[in-house]
Amino acid sequence: MHRAFDFLIHHGHAVLFAWVLVEQLGVPIPAMPLLLAAGALAGTGRLNFFTCLLFAVLGALTSDSVWFQLGRHKGIKILQLLCRISLEPDSCVRRTEGIFSKQGARSLLVAKFLPGLGLVTPPLAGIFRMRFRRFLLFDAIGSMLWVGAFLGLGYAFSGEIERIAAQLASLGGWLLAVLVGALAAYIG
């Protein structure tokens, strides 16, 4: 586990950017544990908190901008594609359109905290023809809130997270099996 922290220390900002970008594009790899780890490393002075915040937000904004443009150019087809792979494909389109039509740009502020909504809100903004600058403003604020919350938790509990990481490192090969199993359960 310490090797993972060493790797994160040396390549942390690039890893944060890439991981958040890929997760926000829809690949089912959770960014929350990495954000907590980066926050813990920032809490111990090994990473800069604000640089981590910047790179993670840039990753989220990049992927969300791609989804926004796809929503603008492909319309409802892109939302139907996203909903087809969701757990409730029949109600997905109606429910997400309803949420966005009622809340508008404000839904971008909390969308990343709600499972499933964070992925469909950017294309919905494009489908509803929101101005790109307005989308970027609200999406940037929402992304900063989301990233900042998990980096902040990692920062605040950095001592506890390091102790947990040390205990997990003592598991050795079993840790890899547990992590693979947890990832498979998350994807499932």
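Sorted ascending by nearby beta carbons within 10 Å, beginning with the fewest, C83, C52 become C83, C52. From least to most packed, judged by other beta carbons within 10 angstrom and beginning with the fewest, V110, V120, V27 follow the order V27, V110, V120.
Our estimate of slack between L114 and A182, defined as 0.36 nm per intervening residue step minus the Cα-Cα distance, is 22.5 nm. The fewest-to-most ranking of M32, M130, M144 by surrounding Cβ atoms within 10 Å reads M32, M144, M130.
None of the figures in this text is laboratory data; all of them are computed from the coordinates on show. Nothing here was measured: the structure is a model prediction, and the numbers come from that model. Neighbour counts are summed over all protein chains in view; Cβ atoms, including those assigned to glycine, are modelled from backbone coordinates with ideal geometry.
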